[in-house]
Structures are given as C-alpha cells and as structure tokens.
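Only one structure is covered here, and it is reproduced in the block below.
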Amino acid sequence: MAQYFYIHPENPQLRLIQQAVAIIKRGGVIAYPTDSAYALGCQLDNKEALERLRRIRHLDEHHPMTLICKDLSHLSTYARVDNQVYRLLKAHTPGPYTFILQATSEVPRRLHHPKRKTIGLRVPDNAIVTALLQALEAPLVSTTLVLSDQDGPAGDAEVLKDLLQHQVDLIIDGGHVVVHPTSVVDLSTDLVEIIREGAGDLSAFR
C-alpha cells in the first residue's frame with residue numbers, strides 16, 4: 001500500500017521531503033508533481049525500481065527516460081554540451097522543457113536511446129521537485145504519469161490514490177497541476193530540432 005503525503009506546493013515540509021527521499025533511496029517508485037503534470041520517478045542507479053516504473057507505465061525497455069535535475073549542476077556528469085548549448089539550457093531552466101542531449105558514460109545504458117546514446121534532461125519549475133532533488137543530491141529517473149486507462153497525463157493526486165495505491169511506494173499530493181506537456185527539444189546534434197511543441201517559449205530554438 002502506497003504512502004500518501006500532502007506536501008505544500010510552495011513551502012514543502014522538510015520532514016516529509018526527507019521521508020520521501022528515504023523511500024526513494026530504499027528503491028521506491030514515487031508519483032510526484034511537476035510543473036507540467038504528475039510523474040513517476042525512481043533512483044538513477046536502481047535497476048529493479050526502473051523496471052517497476054516501466055511496468056506501471058507499460059513501457060518497453062527501449063522507451064527513453066528523462067533525468068529530472070534540480071539545476072544544471074549535474075549537467076557535465078550526465079550530458080555532453082558545448083558552450084552554445086549550455087547558454088540555451090541556462091536561459092530556459094527551470095521551465096517546461098525536456099532537452100535531448102548526448103549522454104556521458106555515467107548514464108546507465110538502460111536509460112539511453114537504444115541507437116543514439118542520448119538522454120532527456122529536465123529541470124522543472126516546481127518547489128517540491130527542487131526540495132526532493134536537493135535532499136536526494138542526485139537526479140531522478142522519471143516519466144510522465146500517463147496510465148493506460150486514462151485520456152492523458154495525470155494532474156490530480158487524488159485520482160492516483162485508487163489507481164496506484166498497490167503499484168507505487170509513495171504518492172506526493174502537491175495540489176492540482178494544470179496539465180500542459182513540456183516542449184521537447186533535441187540539442188544532441190548541431191541541428192536543433194523541436195520534437196514536440198508544448199509549453200514554453202520556443203523562439204530561441206527555431
């Protein structure tokens with residue numbers, strides 16, 4: 001049975017954040033709010049937790065995952081970028097963007113795009129996510145929470161109670177999230193490509 005925490009969306013309670021991080025470090029899979037929808041997350045180097053996350057979402061082993069980071073401090077560890085790309089990332093984070101970047105050897109192979117060795121990286125503009133990642137001191141492996149019997153991404157934790165209570169270890173209720181998918185921008189080559197137009201200003205990438 002999943003634990004259920006209500007965490008204030010603007011002033012996250014440190015005690016609950018620390019409990020959530022402890023669950024993640026024990027190999028837990030969590031449902032949590034971002035600035036675009038609710039998501040599923042787990043620890044970067046926990047293969048079993050990642051497999052559970054994929055089963056919940058009915059994703060095959062080749063479906064790309066995203067690294068959720070508190071800021072760009074982990075960028076050089078997990079992605080290769082030049083100065084121009086770094087300036088673009090700095091100008092658009094935190095925000096509703098997922099950036100496709102060349103992965104470094106620090107990223108486990110099971111998280112790579114199977115052919116291109118790329119990884120998605122995201123820095124959400126969400127106080128709960130920032131607090132979680134600061135306490136965890138590492139990125140989360142994550143995917144948007146879209147369940148097979150739902151029309152689109154989840155925006156309300158209350159709906160997730162019945163759907164996920166036997167599948168995840170923790171549901172974080174951070175209030176209602178207005179669902180607006182991120183924009184996905186491929187910066188892994190010299191040719192910038194907008195994969196999906198979603199939230200956020202894309203004029204700098206055109």
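For n ≥ 4 DSSP H runs only, could you compute -39500 (n - 2.57) per run for the chain, divide by its residues and tell me the 222 nm figure to the nearest 500?
Result for the chain: -7500 deg cm²/dmol, rounded to the nearest 500.
In nm, to one decimal, how far is the modelled label at LYS161 from the one at ILE194, with both set 7 Å along Cα→Cβ?
That separation, rounded to one decimal, is 4.0 nm.
Highest mean first, what order results for 187-200, 31-44 on Cβ atoms within 10 Å?
Peptide ranking by packing, descending: 31-44, 187-200.
Translational D (Stokes-Einstein, µm²/s) of segment 145-206 at 37 °C and 0.692 mPa s when Rh comes from the Kirkwood sum over C-alpha pairs?
Values: Rh = 14.1 Å.
Result for D is 232 µm²/s.
Report the charge-dipole magnitude of the chain in Debye, nearest 20, computed about the Cα centre from +1 at each Lys and Arg Cβ and -1 at each Asp and Glu Cβ. Display every interim value, and only then the final one.
Working: 21 positive and 24 negative charges, 135 e Å.
In debye, rounded to 20, the chain gives about 640.
Among all the lysines, which ones have a C-alpha under 17 Å from LYS90's C-alpha, if same-chain residues fewer than 8 places away are not counted?
LYS70
Which GluC sites (Glu not before Pro) in segment 16-96 pass both tests, a DSSP loop state and at most 10 other beta-carbon atoms within 10 Å?
Filter output for segment 16-96: GLU61.
Any idea what log10 I(q)/I(0) is at q = 0.10, 0.18, 0.19 Å⁻¹ for segment 1-110, Debye with uniform C-alpha scatterers and no solvent?
Log-scaled intensity ratios, in q order: -0.35, -1.12, -1.22.
Taking LYS47 as the anchor, which aspartates and glutamates have their alpha carbon closer than 18 Å to its alpha carbon, excluding any fewer than eight residues away along the same chain?
Output for LYS47: ASP60, GLU61, GLU106, ASP169.
Expressed in whole Å with the largest first, what are the equivalent ellipsoid semi-axes of segment 47-128 derived from the C-alpha gyration tensor as the square root of 5 times each eigenvalue?
Numbers: eigenvalues 103, 50, 21 Å².
Those come to 23, 16, 10 Å.
Compute the length gained on full extension between GLN18 and ARG109: take 0.36 nm times their separation in residues and subtract their Cα-Cα distance, giving the result in nm to one decimal.
That pair, GLN18 and ARG109, stretches by 29.9 nm at full extension.
Once fully extended, how much extra length lies between ARG87 and ARG26, figured as 0.36 nm per residue of separation less the alpha-carbon to alpha-carbon distance? If you can, show how the numbers build up before the last one.
On the way: separation 61, 0.36 × 61 = 21.96 nm, distance 3.59 nm.
Length gained, ARG87 through ARG26: 18.4 nm.
Each reported figure results from applying straightforward, stated rules to the coordinates on display, with no laboratory input. Just so it is clear, the structure is predicted and the values come from calculations on it, not from any experiment. Glycine also receives a Cβ, built like all others from the backbone with ideal geometry; neighbour counts cover every protein chain displayed.
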